[in-house]
Amino acid sequence: MWALLRPALWFGSSVRGYHMPVPFPQPRNETSLVLVDEARRFIQDCLLRVGVPSSKVRCISEFLVVADYRGNFGNGLNRLDNYLSDLQRGHARLDAEPSIISETVATAHVNGNSALGVLVGNFCIDLAVKKAQSAGIGFVVAQQSHHIGMASWYAFRAAVKGLAGMVMSNAAPTMMAPDSKSASIGSNCLAFCVKGKEYHFVLDMATSVRDIGAVEWAWANDEYIPHGWAANEGGFSTCFPSLALRSPLLFPAGGHKGYCLSAIIDLLCGVLSGAQYATHIPLDQSQPSNLGQVFIALDPEFFLPNFMERLDDFCGRIQDSQPADESEPIRLPGELERMHMNYVEDLRALPYPNTLLSKYKDVADRLCVRPIELAFDRCQSRKSF
């Protein structure tokens, strides 16, 4: 059952912004366990029911299951209903395939043709990898794309080929500029992945303190969110995810630094690609998405044949630095996700809040597919990291 997911054991992201919220008591929603194969089966049944070709179903289901396996729940099963809705309303096209507009030895401009983001992303990063293997670098820019979910999925596809992968995407405006009360730019994402012989460096971050998926997940778990994540409709910080989701207003990570980083990503992904950007991207899509993305693959050995040894030394020096609290060791980006994968393997199943499972019981009834079957009811086991 774990064979397909085990190669991604180290694959993950621990950085979704730099804010370290002050802990405070939160209500905990009961959680149930779902076998990985069962989660995959349900996702595939739903996709087939809305008309997704069988040749594409496995790719999409693995993409969502691995997100939950890594603990990136905002981009896993939680996102399925959005994808199903976009497909049914034509915001993403069932029959679309990405195509190359123009290309050189090292670059390419791609039209996603409003296909689902994972299909566009896989096409683009694989194209970038192919170019990097011959030219040392592949730089691919995409327009007319869709939500790509966890960006580190694509960077990982480059890393398993021995390359460094970098991925960026713009998004609908949900992030406020410092001292603003309205959103003017997306909580745009950045992912980077490269592996050495002993260490792997995997970064996946939003430019907001936390992305909208984290707020949605808190709402699904009936939990509060720390102040400083998001604002209410009046622009004031709130701890209630229900208020934060009415008119998404996220705070940038690091104030103006996170906002400026997001602007650079939007310049490359939106302005450069010919896609929509900033407030041109509607929050409530009434037509196929036109998001922009950048996919970069780089061959480190083009510069240094001993890059992997130097990367291991680099990571080791960071990890060996003296922690302020001996009980909290220094962790590299991606280590928390590796720990979550170990946690899931110990459970032999994926933990989902019962509120989310109840939602997908309604989805199953609506689509006339077999509901998710639970491995165990009312699991109180919580991860300790």
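Coordinate-derived values only; no laboratory data. These numbers were taken from a predicted model, which means no experiment stands behind them. Methodologically, a virtual Cβ is constructed for each residue, glycine included, from the backbone with ideal geometry; neighbour enumeration extends over all protein chains shown.
Worth a mention:
- Sorting 270-282, 154-166 by average packing, meaning the other beta carbons within 10 Å per residue, from highest down gives 154-166, 270-282.
- Answer label, with semi-axes √(5λ) of the Cα gyration tensor in Å calculated from the coordinates and candidates [x] 47, 25, 21; [y] 28, 26, 24; [z] 42, 28, 18: [y]
- Straight-line cross-link partners of LYS56 among the lysines, defined as a Cα under 17 Å from its Cα and at least 8 positions apart when in the same chain, are absent.
- Computed over the range 6-379: relative contact order in percent, which uses C-alpha pairs under 8 Å that are six or more apart: 26
- Taking one quarter of the surface of the convex hull spanned by the alpha-carbon atoms of the range 57-204 gives a direction-averaged projected area of 10.4 nm².
- Gained length - ASP346 relative to VAL50, 0.36 nm times residue gap less alpha-carbon distance: 103.2 nm
- The string of couplings for the range 320-329 from the Karplus curve (6.51, -1.76, 1.60, θ = phi - 60°) is 8, 5, 6, x, 5, 10, 4, 7, 10, x Hz, one whole number per residue in order, with x for Gly and Pro.
- Peptide ranges 175-183, 259-267, 60-68 listed from the most packed, as the mean C-beta count within 10 angstrom indicates: 60-68, 259-267, 175-183
- Pairwise FRET efficiency - GLU328 versus HIS256, Cβ, R0 = 30 Å, nearest 0.05: 0.55
- Relative packing of peptides 228-241, 324-337 - highest average C-beta neighbours within 10 Å first: 228-241, 324-337
- Computed over the range 221-332, the alpha-carbon pair-distance distribution with 10 angstrom bins reads 11, 20, 28, 26, 14, 1, each value a whole percent.
- Rel. contact order, % - alpha carbon contacts under 8 angstrom, at least six apart, the range 37-105: 29
- Dividing the mean sequence gap of close Cα pairs (under 8 Å, 6+ apart) by how many residues the range 84-236 holds gives a relative contact order of 14 percent.
- Part-to-part distance (alpha-carbon centres) for the range 219-296 and the range 90-165, which is given in Å: 22
- Net charge dipole size for the range 253-385 [Lys, Arg +1 and Asp, Glu -1 on Cβ; Debye, nearest 20]: 620
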